[in-house]
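Computed from the coordinates by the stated procedures, all read-outs in this text should not be read as laboratory data. Predicted model only: the values in this text are computed from it and were never measured. Cβ sites come from the backbone with ideal geometry, for glycine too, and all protein chains shown count toward neighbours.
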Amino acid sequence: METMPIDIKIRKLGANLAVVELIGDCDLYTTPKAKQAIVELIEQGYVFLAVVLEKTAYMDSTALGMLVGSLKRVREHKGDLALVAPQPRVQRLLDITRLTTVFDVSATEESAIESLRQRGAKVP
Amino acid sequence: MSAGHRVELRIPSRAEFVSTARLVVSSVACRLDFGIDAIDDLKLAVGEACTNAIKHSPADSEIIIAYELHPDHLIVEVVDHGRGFDPSARPSVDIDELPQSGLGLMVIEAVMDEVCFQSSPEQGTRVRMVKRRPTK
């Protein structure tokens, strides 16, 4: 079955800050894998997350629901979640659903990390 | 392209087959000379409709996706044999409440020119979507 797999790259930058890069398609089939990775990070105490969407070629509402759920989880732990560099088609999805009013969307990883640092992320 | 050509795809109600439905709509829309943005919209809408169908259908059931090609528009129907729903009783989605579901229908209605839901409890659901070819 031809389904573009998702590749998830994780970098732990500080005691409670991690960068999660979602590479490929994020849909009904692949989103559970991304969700599992993010849930595990939160359980480990990484409650400030920068989710990089620069190489996310396709995203659907299942993935959006997963990101919203992740945002709820980190906020329960006084953390936050920022989206980084969504491609135009993913940005369009965020605009359609008005989730741009919910998520902090940053153009670069650096600006997302600085924003998260100001809200409590421990950056070395 | 002659009017009314129809392509039909039948997929198992399984998540890994949603991408197949997206690939087919991309192919037929390309044949109709839709632009890249419209093709992206169609892939999104078909993906969302199939996702809903799979979520609400028995695992071993069949999802039917019919693509009807017209010179200036494309009609896509997604039919499942799931538990159905009352389209008039759809809850509204409040983004400020951080919803984790209900976004798919919002997306479909935003990217397609016409959308019609036919569904009733235990009778399955038929989603009919129309996308007109953008003028150049």
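What number of residues within region B:81-116 satisfy the criterion of being within 14 Å of chain A (Cβ to nearest Cβ) and in contact with a strand residue (DSSP E or B) (Cβ under 9 Å, 6 or more places away or on another chain)?
Of the residues in region B:81-116, 6 are within 14 Å of chain A (Cβ to nearest Cβ) and in contact with a strand residue (DSSP E or B) (Cβ under 9 Å, 6 or more places away or on another chain).
Restricting to region B:54-81, what's the tally of residues that are among the acidic types (Asp, Glu), under 24 Å from B:Ile39 (Cβ atoms) and in a loop (DSSP other than H, G, I, E, B)?
Total satisfying the criteria: 1.
What's the total number of residues in region B:89-120 that are part of a helix (DSSP H, G or I) and touching a residue at least 24 places away in the same chain (Cβ under 8 Å)? Working first, answer last.
Let us first name the residues in region B:89-120 that are part of a helix (DSSP H, G or I), namely B:89, B:95-97, B:103-111.
From the residues that got through so far, the ones that are touching a residue at least 24 places away in the same chain (Cβ under 8 Å) too are B:104-105, B:107-108, B:111.
Within region B:89-120, residues that are part of a helix (DSSP H, G or I) and touching a residue at least 24 places away in the same chain (Cβ under 8 Å) number 5.
Mind telling me which of the residues A:Val102, A:Val90, A:Val68, A:Val74 ends up being more than 26 Å from B:Ala49 (Cα to Cα) and of a type in the set (Val, Ile, Thr)? Step through it out loud before you land on a result.
Working: A:Val102 fails: more than 26 Å from B:Ala49 (Cα to Cα); A:Val90 fails: more than 26 Å from B:Ala49 (Cα to Cα); A:Val68 fails: more than 26 Å from B:Ala49 (Cα to Cα).
When all the criteria are applied, what remains is A:Val74.
How about region A:50-124: which helices (runs of 4 or more DSSP H) wholly inside it have at least 2 residues that are more than 14 Å from every other protein chain (Cβ to nearest Cβ) and either buried (at least 20 other Cβ atoms within 10 Å of the Cβ) or in contact with a strand residue (DSSP E or B) (Cβ under 8 Å, 6 or more places away or on another chain) (or both)?
Numbers: elements: A:61-76, A:88-96, A:109-118.
Those helices (runs of 4 or more DSSP H) span A:109-118.
Please go through region B:1-27 and give me each residue that is among the β-branched types (Val, Ile, Thr), in contact (Cβ under 8 Å) with a residue 12 or more places away in the chain and closer than 24 Å to A:Gly24 by Cβ, ordered by number. Don't jump to the end; show me each part of the working.
The first filter runs over region B:1-27 and keeps only residues among the β-branched types (Val, Ile, Thr), leaving B:7, B:11, B:18, B:20, B:24-25.
Subsequent filtering for residues that are in contact (Cβ under 8 Å) with a residue 12 or more places away in the chain retains B:7, B:11, B:18, B:24-25.
The answer is B:Ile11, B:Val18, B:Val24, B:Val25.
For B:Glu122, state whether it is of a type in the set (Asp, Glu), exposed (fewer than 14 other Cβ atoms within 10 Å of the Cβ), within 17 Å of the chain's Cα centre (by Cα) and away from chain A (no Cβ under 14 Å).
Details: of a type in the set (Asp, Glu): yes; exposed (fewer than 14 other Cβ atoms within 10 Å of the Cβ): yes; within 17 Å of the chain's Cα centre (by Cα): no; away from chain A (no Cβ under 14 Å): yes.
No: the conditions fail for B:Glu122.
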